[in-house]
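Each remark here refers to the structure printed beneath this line.
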Amino acid sequence: MNDLHIERALSGARLADWRAVHNTIVPTAVLSPDEVRERAGRNRLDVACLGDAAVGCSTVRPPDGETAATVIARTLPGFRGRGFGTALYERGLAHARTLGGEGVETVVLASDEEGLRFALARGFVEVERYVLPGDTVPFVTLRLA
């Protein structure tokens, strides 16, 4: 993990890395470059790189009024179990706690069993499942207990 570095996705190249990881892990909600740029304007997007290769990404959504902040950490399947997701999650959680709101939530695609186990192992509990229009695989919203 010594070569792992996490940086904010602000530039075209890092936004492209963030998008590539997101679209690999969430194939039911593929984002365009324009959608990623729009998200970067309202959320904190980070990319985890091992050397020059992106291995994970995270999103921190600020709370909307009285809602919870949302922290989502994603690690490419070939790089899971090595602490990269934990590093992304802990960085995102630290940032989310500076934003206020009523707690912390995360969202995981229901078919991502490893992602669900990751969230549950960190104290999240399921609060809702929903399906986006046109999709068939639900997303699971979990709240940090």
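List the helices (runs of 4 or more DSSP H) inside the range 9-121, counting only whole elements, that have at least 1 residues being closer than 21 Å to L132 by Cβ. Break it down stepwise before answering.
Numbers: elements: 12-25, 33-42, 84-96, 113-121.
By residue number, 12-25, 33-42, 113-121.
Could you please let me know if L76 is modelled with pLDDT of 95 or more and under 17 Å from I6 (Cα atoms)? When the stated conditions are applied, L76 passes them.
Within this structure, L4 fails the test of being in contact (Cβ under 8 Å) with a residue 40 or more places away in the chain and closer than 24 Å to Y130 by Cα. Considering only residues in the range 9-21 that are of a type outside the set (A, V, I, L, M, F, W, C) and touching a strand residue (DSSP E or B) at 6+ places or on another chain (Cβ under 6 Å), the one that is nearest to E114 (Cα to Cα) turns out to be D17. Based on what the data block shows, is L116 without any contact (Cβ under 8 Å) to a residue 60 or more places away in the chain, surrounded by fewer than 19 Cβ atoms within 10 Å (Cβ to Cβ) and more than 18 Å from I6 (Cβ to Cβ)? In short, yes.
Given the criteria under 21 Å from P138 (Cβ atoms), among the hydrophobic types (A, V, I, L, M, F, W, C), open to solvent by less than 10 Å² (accessible area, probe 1.4 Å) and in contact (Cβ under 8 Å) with a residue 12 or more places away in the chain, does V55 qualify? No. Being open to solvent by 60 Å² or more (accessible area, probe 1.4 Å), among the small types (G, A, S) and at pLDDT 95 or above is the requirement here; does A121 meet it? Considered against the rule, which asks whether it is open to solvent by 60 Å² or more (accessible area, probe 1.4 Å), among the small types (G, A, S) and at pLDDT 95 or above, A121 comes out as yes.
The values are calculated or read from the model by the stated rules, or taken from the named source; none is laboratory data. What you see is a predicted model, and the numbers here were worked out from it, not measured in a lab. Neighbour counts run over all protein chains shown; Cβ positions are idealised from the backbone, glycine included. Note: areas computed on protein heavy atoms with side chains; ligands, DNA, RNA excluded. Shrake-Rupley method; radii C 1.70, N 1.55, O 1.52, S 1.80 Å.
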